[in-house]
Amino acid sequence: MAKKVITILEEAEGVVIEIRTNGRSVKYECEDLDEAFEVLPHLDELQAGE
């Protein structure tokens, strides 16, 4: 399994989850931290859908 780096950034407009793996970077935008924490367990599903 590839190593993943997950960064959660809280910004004025909302929260950004960035996933970096093997030179690839994907970002997901959420409205707030609560939504971001709900999304975290499903990141593999989100990445598979892309």
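Where a number appears in this text, it was derived from the coordinates with a stated rule and is not lab data. Small disclaimer: the values here were computed from a predicted structure and weren't measured. Cβ: placed from backbone, ideal geometry, glycine included. Neighbour counts: every protein chain shown.
A few remarks follow.
- For the chain, the dipole from Cβ point charges (+1 on Lys and Arg, -1 on Asp and Glu) about the Cα centre works out to 600 debye, to the nearest 20.
- Put simply, the C-alpha atoms of the chain give a gyration tensor, and the ellipsoid matching it has half-axes of 19, 12, 9 Å, longest first.
- Karplus (6.51, -1.76, 1.60) ³J(HN,Hα), θ = phi - 60°, over the stretch 29-39, in Hz, Gly and Pro reported as x: 9, 10, 6, 7, 4, 4, 5, 4, 5, 6, 6
- Our estimate of slack between ARG20 and GLU45, defined as 0.36 nm per intervening residue step minus the Cα-Cα distance, is 7.5 nm.
- Shown in residue order for the stretch 13-22 are the 3J(HN,Hα) couplings computed by the Karplus curve 6.51 cos²θ - 1.76 cosθ + 1.60 at θ = phi - 60°: 7, x, 10, 10, 9, 10, 10, 10, 8, 6 Hz (x for Gly and Pro).
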